[in-house]
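Novice: Structure provided below as structure tokens; questions to follow.
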Amino acid sequence: SAKQEESHPHHPHPVCICRVPSNMRRVEPKAYIPNNISIGPCHHGAPHLENMVDLKKRFYRRLFDPTNDENGAKLDEAFKFLEEQESEVRGCYMEDIKLSSDEFLQMMLVDSSFAVQLLRNLSACEFGHIPCLSSKWMLPMIRREMIMLENQLPIFVLSKLFDLTSTDPSSQPCTSLKTLALRFFYPLLQVDPENYPECDKAEELTELHFLDLLRSSIRPKLEGQKPRRSQHHMIRSVTELVEAGVKIKADGSKQLLDITFGKKYSCLIRELTIPPLYINDHRGTVFRNIVAFENCHKGCEPDVTTYLFFFNGLINSADDVSLLHYKGVLNHSLGNDNTVSELINNITKEIVLSKSESYLYKVVNEANSYYGSCYARIRASIVHHYLTSWVVGVSTFFAVLVLCLTIMQTVCGFADALKDLENKRFLSLLYDAVCFPVRGIPTTVHKRSESGIPTPVHKRSENSTSQDAATKFER
């Protein structure tokens, strides 16, 4: 850390290769420690990595064929370059390297030659299987471990050896070191390797090593806005956003980190556009090492770290993973959604995000602001409580249907009452209602006069009829 922050005025190459901090390493050790091949001084001489030393030396001898006089001259020039740049190369590593000068130079020459010749062989085989590798599983393994932070070589050393050993640069205008490296490593991030970023051979190689090169290839192009500002809160989970009315869209035409949020169809509907992300064990390794590099190297913006914190906020459970998979945003080959959720949440574990350097500040702040609006909160509450599943949805539908039928029945009864009023029976009904407590059941029949006012007409009851008949009998 002290060495990382110290400046090196005598050479332009900053400290860029370091050991992964122990707190990050404890979360997932196998993502940072190579198990098969060592590149550079960090794991040089480890007993469990000795099996690949012969393979590296074979590639070295293929690049500098000792039987060719021209290659012998190139080898002398390469070794002389490394001798002159030894202090600069050592200064690219954070820790003090315990190798002698001869051991260090020999190690750098062999490992750099292996990386350069590997890319050349891959280019000749159209990035398919290389015959000199004993089995097909070796190439994916080598690719995964060559991208680890502790397995990096300074790119200016690789570039010098690549240019020095180029046979006829004019005959291959598109096969720069940068182009070949991106074609080799880009499948670690995307399924389709043909969509790797194009680069011009004349373009200056400003990246620090292969890991930084891969990281730079997916960084967003921020134009027309202030690149980075404060982001004080995490974005809401994707389930909460969808319940609030946000439409999730996958856009495969954009770069991996290019995420947008804006209005769609109307002022009440928003759309969150995210390029598809493919997750497997190797991609988890790449993201972990990029995050480690961004946190250890103070001179770079933590864009990939911000991106992974964004997904960490979107995913709180396996249901969130399932929803993103349904929308085409997240694809994985890790068995189940719980594993993916844990992987995403653990990548940013033990990491502190710089809240003032977020390139996604606008997306997150606008999404959270929309979620806090009155319309979004009401809609989210309704969807969450009444439409969370098909069972709850069907129950809600029938409850609403019963309510509608009840309202219709009430309206029909009110319509009948209005019809009676139109038939001028209202006064008669009112008269009966008023007299009922005093007189009981009415014993008169109201007959309407021509004026419409009811007049009582006496009706004989059965008792009065029987009394009249008895009186007549007595007489």
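Novice: How big is the accessible area of H233 in square angstrom, nearest 10, if you roll a 1.4 angstrom probe over the protein chains?
Specialist: Looks like 130 Å² after rounding.
Novice: So between K98 and N346, what do we pick up on full extension, going 0.36 nm a residue minus the alpha carbon distance?
Specialist: 85.9 nm
Novice: Can you give the Rg to Rh ratio for the stretch 11-114, taking only C-alpha atoms and Rh from Kirkwood?
Specialist: Rg/Rh for the stretch 11-114 comes to 1.01.
Novice: Here is a follow-up. Tell me which residues come under 5 Å, amide H to amide H, from L330 once H is placed; ignore anything under 5 positions away on its chain.
Specialist: L277, H325
Novice: How long are the semi-axes of the equivalent ellipsoid of the stretch 269-316, defined as square roots of 5 times the Cα gyration tensor eigenvalues? Whole Å, largest first.
Specialist: Rounded to whole Å, the semi-axes are 22, 15, 9.
Novice: Moving on. First select every other residue whose beta carbon is under 11 angstrom from the beta carbon of I315; then total the charges, Lys and Arg +1, Asp and Glu -1.
Specialist: Charge balance near I315 sits at -4.
Novice: Using a 1.4 Å probe on the protein heavy atoms only, what accessible surface does F156 show? Give it in Å² to the nearest 10.
Specialist: That residue has around 40 Å² of solvent-accessible surface.
Novice: Let me ask something else about it. Report, please, the projected area of the stretch 201-356 averaged over directions, based on the convex hull of its C-alpha atoms, in nm².
Specialist: Across all orientations, the stretch 201-356 yields a mean hull projection of 10.7 nm².
Novice: Ignoring ligands and nucleic acids, what accessible area does D258 show with a 1.4 Å probe (Å², nearest 10)?
Specialist: We get 60 Å² for D258.
Novice: Name the long-range amide H neighbours of I269: under 5 Å, sequence gap of 5 or more, or other chain; modelled H, no Pro or chain starts.
Specialist: The answer is K264.
Novice: Could you give the length gained by full extension between S356 and I407, i.e. 0.36 nm per residue of separation minus their alpha carbon distance, to one decimal place?
Specialist: 12.8 nm
Novice: Identify the residues of the stretch 353-376 with backbone N under 19 Å of a label point that sits 7 angstrom from the Cα of R229 along the Cα-to-Cβ direction, or state none.
Specialist: 354-373
Novice: Still on this model: With 20 Å as the limit, write out which pairs from K264/K362; K254/K327; K136/K254 have Cα-Cα distances beyond it, or answer none.
Specialist: Beyond 20 Å between Cα atoms: K136/K254.
Novice: Give me the distance in nm between label points sitting 7 Å out from Cα along the Cα-to-Cβ direction at E84 and K254, one decimal.
Specialist: 4.7
Novice: Give me the net charge of W137's neighbourhood, meaning all other residues with Cβ under 12 Å from the Cβ of W137; Lys, Arg count +1, Asp, Glu -1.
Specialist: In short, +3.
Novice: Could you check the simple spin-label distance between K221 and T339, using points 7 Å along Cα→Cβ, in nm with one decimal?
Specialist: Result: 3.7 nm between the two label points.
The values are calculated or read from the model by the stated rules, or taken from the named source; none is laboratory data. Computed from a prediction, not measured in an experiment: that's the story for all the values here. FYI the Cβ positions are ideal-geometry reconstructions off the backbone, even for glycines, and counts take in every protein chain you see. Each accessible area value is taken on the protein alone, full model and side chains, heavy atoms only, with ligands, DNA and RNA left out. Shrake-Rupley method; radii C 1.70, N 1.55, O 1.52, S 1.80 Å.
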